[in-house]
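Following: one structure in structure tokens, then a few remarks.
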Amino acid sequence: MEKKRIVVKIGSSSLTDERGKLSIEKLREHVDALARLKEYGHEVILISSGAVAAGCTSMGYLSRPDTVVDKQSAAAVGQSLLLQAYADECKKHEIVAAQLLLTKDLYKNANATISKLLERNVMPIINENDSVSVKELTFGDNDMLSALVSGLVHADFLVILTDINGIYQDNPRTNPQAQKYLHLQEIPDELVEATSSEGSEVGTGGMKSKVEAARTALALGVQVFIGSGTGSEKLVDIFQGRGDGTYIGVKTELSV
């Protein structure tokens with residue numbers, strides 16, 4: 001079996017309940033799926049959103065705040081809550097988790113740290129340092145962060161988990177007849193322009209940011225999957241080509 005380096009990005013909408021609160025049940029399912037990949041001997045790096053959403057609830061916000069200072073304050077509260085939840089669930093699988101908070105000017109320096117963590121069988125959990133980053137030093141969103149990290153660590157595969165099962169020719173929420181792309185060898189400009197930038201109530205960016213991130217990852221030599229899944233086998237299924245979403249890049253035989 002050939003060991004692969006896999007980056008998994010999980011969005012806020014895939015970590016929160018209908019009230020926008022961090023869902024331990026959803027987080028547990030994600031960790032179970034990540035653990036299955038590690039059981040096969042693969043190196044796994046997690047890019048996780050959800051800090052702002054987790055902090056909003058504790059700070060008494062009824063919805064995601066609009067101002068920078070409110071979002072940064074919520075992230076400062078939520079980061080510890082999010083990491084503790086991941087650490088608790090990882091411990092059940094005897095996985096040690098490590099948190100890395102990055103800014104755009106420093107992320108390239110993280111390669112040595114990430115490599116050492118993987119060498120010691122630790123799972124890095126990476127997020128943008130939302131509590132202190134300023135506009136000039138942000139990645140824009142965790143989708144782009146996941147693409148850049150994938151290229152930085154020479155990952156084989158990037159999985160972007162979201163609440164929509166792939167890329168469609170039109171918005172499937174407003175057009176039930178929209179056709180889904182099962183595989184794209186590349187991402188043309190027209191597709192980026194056609195996708196929506198509207199995010200969920202707890203997340204940012206929408207499908208456009210994911211498509212842009214996928215194009216960046218492809219340029220860095222990383223294959224990409226954008227879609228959804230349920231259960232502890234969802235990442236194994238995605239890696240084996242059975243995922244519910246869109247595969248992007250040269251379609252090769254994937255196996256665990």
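The values are calculated or read from the model by the stated rules, or taken from the named source; none is laboratory data. The structure presented is a predicted model; accordingly, all values stated were derived computationally and were not measured. Glycine also receives a Cβ, built like all others from the backbone with ideal geometry; neighbour counts cover every protein chain displayed. Ligands, DNA and RNA are stripped out before the accessible areas are found, and what is left, the full protein with its side chains, is counted by its heavy atoms. Shrake-Rupley method; radii C 1.70, N 1.55, O 1.52, S 1.80 Å.
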Distribution of pairwise C-alpha distances over the chain, 10 Å bins, in %: 7, 33, 39, 19, 2
Interchain or long-range residues, amide H under 5 Å from Val159's placed H: Val7, Val8, Lys9, Phe225
For Leu100, distant residues with modelled amide H under 5 Å away: Ile125, Ile126, Asn127
Choice from Arg120, Arg242, Arg64 with maximal GNM fluctuation in the chain (Cα, 10 Å cutoff): Arg120
3J(HN,Hα) from dihedral phi, region 83-90, Karplus parametrisation 6.51/-1.76/1.60, rounded to Hz, x for glycine, proline: 5, 4, 5, 5, 4, 4, 6, 4
Among Thr246, Thr162, Thr230, residue whose mean-square fluctuation peaks in a GNM of the chain (springs only between Cα atoms under 10 Å): Thr230
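Starting from the Kirkwood radius over alpha-carbon pairs of region 1-104, derive D by Stokes-Einstein at 20 °C in a medium of 1.002 mPa s and give it in µm² s⁻¹.
148
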Share, in percent, of DSSP beta bridges within the chain that are antiparallel, nearest 5: 25
Accessible area of region 35-184 belonging to carbon and sulfur atoms, whole % at 1.4 Å probe: 50
Restraint check, Lys21/Lys108; Lys21/Lys180; Lys38/Lys71; Lys104/Lys234; Lys4/Lys210; Lys3/Lys104, Cα-Cα greater than 26 Å: Lys21/Lys108; Lys21/Lys180; Lys38/Lys71; Lys104/Lys234; Lys3/Lys104
Formal net charge of residues neighbouring Ile160 (Cβ-Cβ distance under 9 Å; K, R +1; D, E -1): +1
Dipole magnitude of the chain, debye to nearest 20 (Cβ charges: Lys/Arg +1, Asp/Glu -1, about Cα centre): 500
³J(HN,Hα) computed for each position of region 208-219 - Karplus, 6.51 cos²θ - 1.76 cosθ + 1.60, integer Hz, glycine/proline x: 4, 5, 6, 5, 5, 5, 4, 5, 5, 4, 4, 5
Isotropic mean projected area of the C-alpha convex hull, region 6-48 (nm²): 2.8
Phi-based couplings in Hz for region 226-241 (Karplus 6.51, -1.76, 1.60; Gly and Pro marked x): 10, x, 10, x, 9, x, 6, 9, 4, 6, 4, 4, 4, 5, 8, x
Accessible surface, the chain, averaged per residue in Å² (probe 1.4 Å): 48
Mean projected area (nm²) of the alpha-carbon convex hull when region 74-117 is viewed from all directions: 3.7
GNM flexibility winner over the chain from Thr113, Thr16, Thr174 (Cα, springs under 10 Å): Thr174
